[in-house]
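Participant: Got a structure for you, written out below as structure tokens; questions coming shortly.
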Amino acid sequence: MPTYKAPVDDVLFLLNDVFHVERFNNLPGFADATPDVVEAVLGEAAKLTEEVVQPLNRIGDQQGCTRHADGSVTTPAGFKEAYKQYADGGWMGISAPAEFGGQGLPVVMTTVVNEFLVSANMAFAMYPGLTQGAIAAILVHGTPEQKQTYLPQMIAGAWTGTMNLTEPHCGTDLGMLRTKAVKQADGSYKLTGTKIFISAGEHDLAENIVHLVLARIDGAPAGIKGTTLFIVPKVLLGADGKPGARNAVTCGSIEEKMGIHGNSTCVLNYDGATGWMIGDENRGINAMFTMMNEARLGVGVQGLAVSEVAYQNAVTYAKERLQGRSIAGVKAPDKPADPIIVHPDIRRNLMTMKAFNEAARALIVWAGLQSDVAHRSEDQKARQAADDFMGLLTPVIKGVITDQGFANTVMAQQVYGGHGYIAEHGMEQFVRDARIAMIYEGANGIQALDLVGRKLGKDGGRAVMAFFAEVQGFIKEHGGDEAMKPYLGPLGEALGHLQQATMWFMQNAPKKPDNAGAGSHDYMHLLGLVALGYMWVQMVKAAREKIAAGANGAGERLNAKLVTGRFFMERMLPETAAHLKRIQTGADSVMALPAEAF
Ligand SMILES: Cc1cc2nc3c(=O)[nH]c(=O)nc-3n(C[C@H](O)[C@H](O)[C@H](O)COP(=O)(O)OP(=O)(O)OC[C@H]3O[C@@H](n4cnc5c(N)ncnc54)[C@H](O)[C@@H]3O)c2cc1C
């Protein structure tokens, strides 16, 4: 059975030593996040996720969710009790505003707690994850009355939330959606249509479910600019604000799927369900984007989290499993064979996962801090810079971390040999669970297109130029330090590849857009590698400073950072050259064959 230990020390290293979270103390909520509070919150989160949520991961996979004849859905055994503990502990709203019952702590705290939760049980974590996305959308786009009506209950975890975009004939191309909204005399709307693949669409964890539904008001223009967002509660509220009559939205079925069996993926039928507009008419996609951006970061966290738990178990197995002898000489003469961790090919797998996970965690923590700046700073320039950073790196965090996160679960499975393929050790569940993160919230191909097609050129390339300048600035500032050269040299080279690729698009995409489409996946990964490399140089610098200052008993962990950073620079970052080369070949061989030739 897999086990899990929340990487609390690593998170504390990032917050305290790498990003110096105290620098953000001028932002609301940060002054409350004193080192003691942060440590206590992370310690409690570790306990909840390791002891309560993780033991349900296998059960959830085996039992799945059950839909009953009346359309109600039962979650796997133990989910209800664990969710109650989660809600009672105030975890849903640790970063939500205090005026609605939240704790107002920095967003980055939710980000790291969510990593622990997903590692412990991805299917379970999706119930609160979707709710946090819906809370974010209501906070930004809701009227004062809508906020008062829904947020306190959602933040308390008494009600959950969903996101309803997908319909049978449209997933990526939401301009085709058909769910209809007809205005009523009292200002409400009646919604009719079918939504599919709705995560956490029906369940028994909470007394109400607040569906955020993208629909088309009768007579609205065709296409994406004719869509509007609506709040449609599963149970309508009585005059006292308490759940009363059932609304006309029902779960028609739940999908049989590859993984995340513990999460109910529903077909939801709206048969004249009562809803209220949120945000502006025909600008639903803008409101939805607030939720989608949150959700995309959340899905990036999923990529890391499943990769992390798979890695942890692969390490344990590699230390225990005895097979063959080290080619460098016997390591365990008292045993019939050496543990497989002595073999370089097993090490290659473990180091790849480790080097990726630690940098991905840094990037996610950094993005969480940027999100805090973007939402909470009073300095308009700082807000804009943080917003630019988030815009540029959201598709990277979603696309790259889920692509590599999935690849890592396969690597971890490989470490187990045949024992990874059978169900007993739980490794194949990680592979199955991680796979969806590459698909939903905009398939990764769409993330790459968003990056190259929209984000790169936005505001005259301001965001990407600022990113180049920041990385270049770091390299210049520390370039004189001999010990940093093995890290900064490769990063400088990789940044050069990224700049060349960006230039190539500027010169070759306008006259032939397929050049951008054909190179977008490579560009997303090229930018991802440079961003992860930038995280590594900052971690190495912080580790060296701590070692120089005496390390306080953390010497082994800090030395491991220096070695792991070198592995990343030597064995992973050189991929940037191949990405650049592929980008520069353009779209010709990709697109030359007529469709009939396939
Ligand atoms: C388990 C699960 C949970 C989900 N949860 C939710 C949820 O809670 N709420 C919700 O609304 N939806 C949800 N979804 C739906 C999910 O977001 C969509 O499946 C996803 O956005 C892709 O849409 P699609 O499946 O229709 O694929 P399509 O849009 O048909 O895309 C098929 C392929 O074509 C590619 N493609 C499409 N258009 C282009 C283009 N213009 N250029 C290049 N490539 C393109 C895509 O990248 C993809 O690889 C969920 C799906 C699953 C399986």
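Participant: Inspect segment 436-445 for any residue being at pLDDT 95 or above and more than 26 Å from S264 (Cβ to Cβ) and give the result as yes or no.
Facilitator: Yes, there is a match, as at least one residue in segment 436-445 is at pLDDT 95 or above and more than 26 Å from S264 (Cβ to Cβ).
Participant: Next up: Quick one: A551 ticks every box in (1) at pLDDT 95 or above; (2) surrounded by 14 or more Cβ atoms within 10 Å (Cβ to Cβ); (3) not basic (K, R) except a single one, so which number is it?
Facilitator: Result: A551 passes all but (1).
Participant: Is segment 419-437 home to any residue that is of a type in the set (D, E) and buried (at least 23 other Cβ atoms within 10 Å of the Cβ)?
Facilitator: Within segment 419-437, one or more residues are of a type in the set (D, E) and buried (at least 23 other Cβ atoms within 10 Å of the Cβ).
Conditions tested, residue by residue: (1) open to solvent by less than 10 Å² (accessible area, probe 1.4 Å); (2) within 22 Å of V113 (Cα to Cα).
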{"position": "R347", "(1), (2)": "no, no"}
{"position": "W366", "(1), (2)": "no, yes"}
{"position": "L369", "(1), (2)": "yes, yes"}
{"position": "H375", "(1), (2)": "no, yes"}
{"position": "L392", "(1), (2)": "yes, no"}
{"position": "G405", "(1), (2)": "yes, yes"}
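Participant: Shifting gears a bit: For A287, which of the numbered conditions (1) over 30 Å from S119 (Cβ atoms); (2) modelled with pLDDT of 95 or more; (3) open to solvent by less than 60 Å² (accessible area, probe 1.4 Å) fails to hold?
Facilitator: (2)
Participant: Would you check which residues across segment 19-35 are surrounded by fewer than 19 Cβ atoms within 10 Å (Cβ to Cβ) and at pLDDT below 95 and list them?
Facilitator: Here is the first cut: in segment 19-35, the ones surrounded by fewer than 19 Cβ atoms within 10 Å (Cβ to Cβ) are 20, 22-23, 25-26, 28, 31-32, 34-35.
Of everything in segment 19-35, those that are surrounded by fewer than 19 Cβ atoms within 10 Å (Cβ to Cβ) and at pLDDT below 95 turn out to be E22, R23, N25, N26, P28, A31, D32, T34, P35.
Participant: Residue check, M277 against (1) surrounded by 22 or more Cβ atoms within 10 Å (Cβ to Cβ); (2) outside any strand (DSSP E or B), all met but one. Which one?
Facilitator: Result: M277 passes all but (2).
Participant: Continuing with this model, one more query. When both residues are 6+ apart or on different chains and their Cβ atoms are under 7 Å apart, which pairs have a first residue that lies in segment 276-292 and is within 12 Å of I224 (Cα to Cα), and a second that is of a type in the set (K, R) and surrounded by fewer than 21 Cβ atoms within 10 Å (Cβ to Cβ)?
Facilitator: N282/K225
For every residue, the table says whether it meets (1) in contact with a strand residue (DSSP E or B) (Cβ under 8 Å, 6 or more places away or on another chain); (2) of a type in the set (S, T, Y).
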{"residue": "V213", "(1), (2)": "yes, no"}
{"residue": "D218", "(1), (2)": "yes, no"}
{"residue": "F230", "(1), (2)": "yes, no"}
{"residue": "S253", "(1), (2)": "yes, yes"}
{"residue": "S264", "(1), (2)": "yes, yes"}
{"residue": "G272", "(1), (2)": "yes, no"}
{"residue": "M277", "(1), (2)": "yes, no"}
{"residue": "T290", "(1), (2)": "no, yes"}
{"residue": "A295", "(1), (2)": "yes, no"}
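Participant: Here's something else I'd like to know. Failed condition for A31, given (1) in a helix (DSSP H, G or I); (2) farther than 17 Å from N114 by Cβ; (3) small (G, A, S), with all others met?
Facilitator: Status for A31: all satisfied but (1).
Participant: In this structure, is V400 over 20 Å from Q302 (Cβ atoms) and not charged (D, E, K, R)?
Facilitator: On the way: over 20 Å from Q302 (Cβ atoms): no; not charged (D, E, K, R): yes.
Considered against the rule, which asks whether it is over 20 Å from Q302 (Cβ atoms) and not charged (D, E, K, R), V400 comes out as no.
Participant: Inspect segment 184-200 for any residue being of a type outside the set (K, R) and touching a helix residue (DSSP H, G or I) at 6+ places or on another chain (Cβ under 7 Å) and give the result as yes or no. Lay out the reasoning, then the answer.
Facilitator: As a first pass, look at segment 184-200 and keep what is of a type outside the set (K, R): 184-189, 191-194, 196-200.
Add one more test, that the residue is touching a helix residue (DSSP H, G or I) at 6+ places or on another chain (Cβ under 7 Å), and what stays is 199-200.
Yes, that holds for at least one residue.
Participant: Turning to a different aspect of this structure: Restricted to segment 438-451, and to residues that are open to solvent by 20 Å² or more (accessible area, probe 1.4 Å) and in contact (Cβ under 8 Å) with a residue 12 or more places away in the chain, which residue is nearest to D403 (Cα to Cα)?
Facilitator: For segment 438-451, the residue satisfying everything is M438.
Participant: Which ones in segment 41-99 are among the hydrophobic types (A, V, I, L, M, F, W, C), outside any helix (DSSP H, G or I) and open to solvent by less than 50 Å² (accessible area, probe 1.4 Å)?
Facilitator: Selection gives C65, V73, W91, M92, I94, A96.
Participant: Now for a separate question. If you scan segment 497-541, which residues turn out to be open to solvent by 20 Å² or more (accessible area, probe 1.4 Å), away from the ligand (no atom under 16 Å from the Cβ) and either touching a residue at least 24 places away in the same chain (Cβ under 8 Å) or assigned to a helix (DSSP H, G or I) (or both)?
Facilitator: H497, Q499, Q500, M503, W504, M506, Q507, N508, L529, Q538, K541
Participant: Continuing with this model, one more query. Can you find even one residue in segment 230-249 that is more than 22 Å from D70 (Cβ to Cβ) and part of a strand (DSSP E or B)?
Facilitator: yes
Participant: Would segment 80-101 turn up any residue that is more than 27 Å from D32 (Cα to Cα) and not small (G, A, S)?
Facilitator: yes
Participant: Do any helices (runs of 4 or more DSSP H) entirely within segment 359-470 hold 3 or more residues that are on the phi < 0 side of the Ramachandran plot, within 16 Å of the ligand (Cβ to nearest atom) and of a type in the set (V, I, T), and if so, which?
Facilitator: 380-415
Participant: Of the residues that sit in segment 255-274 and are crowded, with 24+ Cβ neighbours inside 10 Å and over 28 Å from the mean Cα position of the chain (by Cα), which one is nearest to the ligand (Cβ to nearest atom)?
Facilitator: Only one residue tops the list, namely Y270.
Participant: A further question on this structure: Condition check: of a type in the set (A, V, I, L, M), within 17 Å of R361 (Cβ to Cβ) and at pLDDT 95 or above. Does L15 satisfy that?
Facilitator: Numbers: of a type in the set (A, V, I, L, M): yes; within 17 Å of R361 (Cβ to Cβ): yes; at pLDDT 95 or above: yes.
Yes, satisfied.
Participant: Show me the strands (runs of 3 or more DSSP E) found entirely inside segment 114-227 where at least 3 residues are more than 30 Å from A310 (Cα to Cα), open to solvent by less than 50 Å² (accessible area, probe 1.4 Å) and within 12 Å of the ligand (Cβ to nearest atom).
Facilitator: Per the criteria, 208-217.
The values are calculated or read from the model by the stated rules, or taken from the named source; none is laboratory data. Not measured: the values here are computed from a predicted model. For neighbour counting, all protein chains shown are included, and Cβ atoms are generated from backbone atoms with ideal geometry for every residue, glycine included. Areas reflect the complete protein model, heavy atoms only, side chains present, ligands, DNA and RNA absent. Shrake-Rupley method; radii C 1.70, N 1.55, O 1.52, S 1.80 Å.
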